[in-house]
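The values are calculated or read from the model by the stated rules, or taken from the named source; none is laboratory data. All values derive from a computational prediction rather than experimental measurement. Note: ideal-geometry Cβ built from the backbone for every residue, glycine included; neighbour counts use all protein chains shown.
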Amino acid sequence: MDVQWLLIIHGLLTLLVVVSFLCGQWPIFEGTPIQRIHYFLTFGAYDYFLRFVGFVFGEKAINAILSVEYFCCDRPNPVLQIIYLAIIGITYYFIAKSSFSYIPGYYLSGFHRSSRYTSLLGVGIGVFFFLLTSFADPGTVKAENVSQYQSAYPYDNIIYTEKECSTCKIPKPARSKHCSICNRCVARFDHHCGWMNNCIGERNTRYFMAFLLWHLFLCLYGIVALGFVLAGRLKELRVVYILTVYYGIENSFRKLAPHVVQWLLGSYNTQILLMVFLAVVSLLLASFFGYHANLCRTNTTTNETVKWQDHMNWLRKVNEARASAAALKASINGMSSKRKPPDSKWKTFFRRSPLEDSGAVVKNNIYDKGILHNVWEVISPPSTRRSFLRTKSKSS
């Protein structure tokens, strides 16, 4: 099989796996192979692995794996933090070793000569955002500040009502949640991030967003810079000229592309692999940042998205039950009354559905006060403002 077909197949398979992993749970992919691949990647593969281990090594091996899983996934631990630092260090090392010697090049001017220092600074800023998100207080709710958080986030009496945390034994402010991993209540709780070994909440969402955006820029810059390095090597070594003049290959993209790609894979495979790795990571970061940016835009959290979905499903079922009861009542009344002439097909087609007449399901998010206000609340959380501190001093 030709090299170009192998590359095309490899690219399509990689794209299929990435899309399945990131988007396989979306409703649009329900019942499709993408949903099944997503299920296999996120659950099925691990389940088959446990079965294989149990079949070969017995129940004790399964218990050992489950205990490791409990430590890694259900308790605070630095495993993923160490993996992150290792990925950053190893990636930077390979980029520096394989590509810095080609800078400046044909397409990268002397301005980029200092990239070995500026790139190190860029990686350092990324690690700084990582450490800031990991060790910053996410907004821990305590007995000393619970009344201030209750004032900052009023109850909407839809998905948040006055109740007490069964673990902390203090009132639960609206938008807060008790994290079973960290064993604490967190204000404006979004999710627990294993990579940060910390909750993402009211006070560190801004650092988390900066972490995602900065790493996305780093990956994109790395892809572009490596692409210019490879393009410069093609130009400097006159690869196209040699292929067309000495090997008689037609000077067209279709004829030259497979030979150029084959030469790049043979001579600069490290840079190619780094570009592919950075591209995959960029897709992950872009999708994750876009998702959380949309949450910030609407002043919603991941935890609230789940709560709203449950609430909307409940309302939808109630409305469906009411519509069914109304339709049944109408049919019973129609049987006892004089038969009416049938409506025309056009009237039947444009008639409103009984479900629409029963009332639309509307998400009433009282915390959404406009894009500017919502974004500012992420940048400057209520608990960091003077008004919050004044309220605290009055209550004490």
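Laid out as a table, the results:
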{"read-out": "Condition check for Leu16: over 27 Å from Asn197 (Cα atoms), touching a residue at least 12 places away in the same chain (Cβ under 8 Å), within 22 Å of the chain's Cα centre (by Cα) and part of a helix (DSSP H, G or I)", "value": "yes"}
{"read-out": "Members of the stretch 148-167 found to be out of contact with any Pro (no Cβ under 7 Å at 6 or more places or on another chain) and either surrounded by 17 or more Cβ atoms within 10 Å (Cβ to Cβ) or outside the structural domain of Trp308 (by TED's automatic domain parsing) (or both), listed by number", "value": "Gln148, Ile159, Tyr160, Cys165"}
{"read-out": "The stretch 291-306 residues that are on the phi > 0 side of the Ramachandran plot, paired with ones that are assigned to a helix (DSSP H, G or I) and surrounded by 15 or more Cβ atoms within 10 Å (Cβ to Cβ) (beta carbon under 7 Å, 6 or more apart)", "value": "Asn299/Asn374; Asn299/Glu377"}
{"read-out": "Residue check for Leu131: at pLDDT 95 or above and in a helix (DSSP H, G or I)", "value": "yes"}
{"read-out": "Of all residues in the stretch 53-70 being without any contact (Cβ under 8 Å) to a residue 12 or more places away in the chain and surrounded by 12 or more Cβ atoms within 10 Å (Cβ to Cβ), the one that is farthest from Cys179 (Cα to Cα)", "value": "Phe57"}
{"read-out": "So Arg206, is it of a type in the set (Lys, Arg) and more than 27 Å from Thr91 (Cα to Cα)", "value": "no"}
{"read-out": "Condition check for Val280: assigned to a helix (DSSP H, G or I), among the aliphatic types (A, V, I, L, M) and over 21 Å from Ile103 (Cα atoms)", "value": "yes"}
{"read-out": "Filtered residue count, the stretch 25-38, keeping only those that are farther than 23 Å from Cys73 by Cβ, loosely packed, with under 15 Cβ neighbours inside 10 Å and within 21 Å of the chain's Cα centre (by Cα)", "value": "5"}
{"read-out": "Enumeration of residues in the stretch 221-245 that are of a type in the set (Gly, Ala, Ser) and either closer than 17 Å to Gln262 by Cβ or surrounded by fewer than 18 Cβ atoms within 10 Å (Cβ to Cβ) (or both)", "value": "Gly227, Ala231, Gly232"}
{"read-out": "The listed residue being closer than 21 Å to Val280 by Cβ, in contact (Cβ under 8 Å) with a residue 60 or more places away in the chain and surrounded by 11 or more Cβ atoms within 10 Å (Cβ to Cβ), out of Leu22, Leu41, Leu6", "value": "Leu22"}
{"read-out": "Residues located in the stretch 159-177, provided they are more than 14 Å from Tyr149 (Cα to Cα) and either of a type in the set (Gly, Ala, Ser) or modelled with pLDDT of 95 or more (or both)", "value": "Ser166"}
{"read-out": "Failed item, numbered, when Thr348 is tested on (1) within 30 Å of Ala136 (Cα to Cα); (2) at pLDDT below 75", "value": "(1)"}
{"read-out": "Failed item in (1) exposed (fewer than 14 other Cβ atoms within 10 Å of the Cβ); (2) in a helix (DSSP H, G or I); (3) assigned by TED's automatic domain parsing to the domain that holds Tyr221, with Glu250 passing the rest", "value": "(2)"}
{"read-out": "Residues of the stretch 141-179 that turn out to be over 18 Å from Lys307 (Cβ atoms), touching a residue at least 12 places away in the same chain (Cβ under 8 Å) and among the basic types (Lys, Arg), as a count", "value": "1"}
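Results for (1) in contact (Cβ under 8 Å) with a residue 40 or more places away in the chain; (2) over 24 Å from the mean Cα position of the chain (by Cα); (3) part of a helix (DSSP H, G or I); (4) surrounded by 14 or more Cβ atoms within 10 Å (Cβ to Cβ), shown as yes or no for each residue.
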residue: Met196; (1), (2), (3), (4): yes, no, no, yes
residue: Arg206; (1), (2), (3), (4): yes, no, yes, yes
residue: Leu218; (1), (2), (3), (4): yes, no, yes, yes
residue: Pro258; (1), (2), (3), (4): yes, yes, yes, yes
